[in-house]
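Here is the structure we will look at, set down as structure tokens.
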Number of protein chains: 2
Amino acid sequence: AQIALERDHEAQREIDTRYRLLMDFTSDSIILVSVGSGLIVDINHNAALMLARTRGDLLGKSLADYFADHTRDSLVAGLEKPVQVGSAAMMEVEIKSSQRRLQLSGKMFRASGEQLAIIRLSDPGAGVVADERLT
Amino acid sequence: AQIALERDHEAQREIDTRYRLLMDFTSDSIILVSVGSGLIVDINHNAALMLARTRGDLLGKSLADYFADHTRDSLVAGLEKPVQVGSAAMMEVEIKSSQRRLQLSGKMFRASGEQLAIIRLSDPGAGVVADERLT
């Protein structure tokens, strides 16, 4: 049983390592938010750059506070309206500090009984995003 | 002790869920490869599309087999040469089935004692990738 536990523990550490690396390695700007509280539970370096803060500053803060045009409630309402079941919801957001307008796409999911949202911020001006835009 | 174990187990499942979702949600084409064997240990839907196969077909197969111009050894040699310490290594690859030329960027890491590489495939023709190219 001890060996099985240690194996479990190793497998856990491996997935944890993969998750961390993927957050760092992706070219996307990714934020994980607790839907209930609206607080940022994880954010990668690219997303922190878009909000013009450090990761450390942003962890545990309310995501809506960094947007000029959203509250927690309006963000959640937007995330609850995907165009198709299973696809990501899309909305526009304005970064408070820079007045930069970005595309937010996100998806809600349940993990450990808590509802989280995975969010991607992208610049609608950049090429690759064009085919993902709704308007 | 039982409660602590269950809590560990929940935390593990949560990170696992986050990892799976991030793989699906990222706009990048991501492949995880075992450096020793050259076999694909995980691949997301976007990357499978670029190789024109299903995820199920690709898991456990040798990544180099899908490239016209690489062997496991030449891929590993390429991955071992990042431009700067900590940054990703870059090389060009040609997809065997489509003759499409793609940019491969990758980084090696150690998880559970095994050396893995996280790889991103991107189309050098697409806009956003342009500023990441070396040549």
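Here are a few things to note about the model shown:
Yes or no, residue by residue, for (1) surrounded by 16 or more Cβ atoms within 10 Å (Cβ to Cβ); (2) closer than 19 Å to A:GLU114 by Cα; (3) under 12 Å from the mean Cα position of the chain (by Cα):
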{"residue": "A:ASP8", "(1), (2), (3)": "no, no, no"}
{"residue": "A:GLU14", "(1), (2), (3)": "yes, no, no"}
{"residue": "A:LEU22", "(1), (2), (3)": "yes, no, no"}
{"residue": "A:PHE25", "(1), (2), (3)": "yes, no, no"}
{"residue": "A:GLY36", "(1), (2), (3)": "no, yes, no"}
{"residue": "A:ASP42", "(1), (2), (3)": "yes, yes, yes"}
{"residue": "A:HIS45", "(1), (2), (3)": "no, no, yes"}
{"residue": "A:ALA52", "(1), (2), (3)": "no, no, no"}
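- Considering only residues in the stretch A:116-131 that are open to solvent by 20 Å² or more (accessible area, probe 1.4 Å) and modelled with pLDDT under 95, the one that is nearest to the other protein chains (Cβ to nearest Cβ) turns out to be A:GLY127.
- Elements of type helices (runs of 4 or more DSSP H) in the stretch B:31-95, at least 3 residues being within 14 Å of another protein chain (Cβ to nearest Cβ) and closer than 21 Å to A:ARG18 by Cβ: B:45-50
- Filtered by the rule that a residue be within 8 Å of another protein chain (Cβ to nearest Cβ), under 30 Å from A:PRO124 (Cα atoms), in contact with a strand residue (DSSP E or B) (Cβ under 6 Å, 6 or more places away or on another chain) and not hydrophobic (A, V, I, L, M, F, W, C), the stretch A:1-30 gives a lone residue, A:ASP28.
- When the stretch B:54-70 is filtered for residues that are among the small types (Gly, Ala, Ser) and open to solvent by 40 Å² or more (accessible area, probe 1.4 Å), the ones remaining, listed by number, are B:GLY56, B:GLY60, B:ALA68.
- From the options A:VAL93, A:VAL83, residue that is exposed (fewer than 13 other Cβ atoms within 10 Å of the Cβ), more than 26 Å from B:GLN12 (Cβ to Cβ) and aliphatic (A, V, I, L, M): A:VAL83
The values are calculated or read from the model by the stated rules, or taken from the named source; none is laboratory data. What you are looking at is a predicted structure, and each value in this text was computed from that prediction instead of being measured. Note: ideal-geometry Cβ built from the backbone for every residue, glycine included; neighbour counts use all protein chains shown. Surface areas here come from the heavy atoms of the whole protein model, side chains and all, with no ligands, DNA or RNA. Shrake-Rupley method; radii C 1.70, N 1.55, O 1.52, S 1.80 Å.
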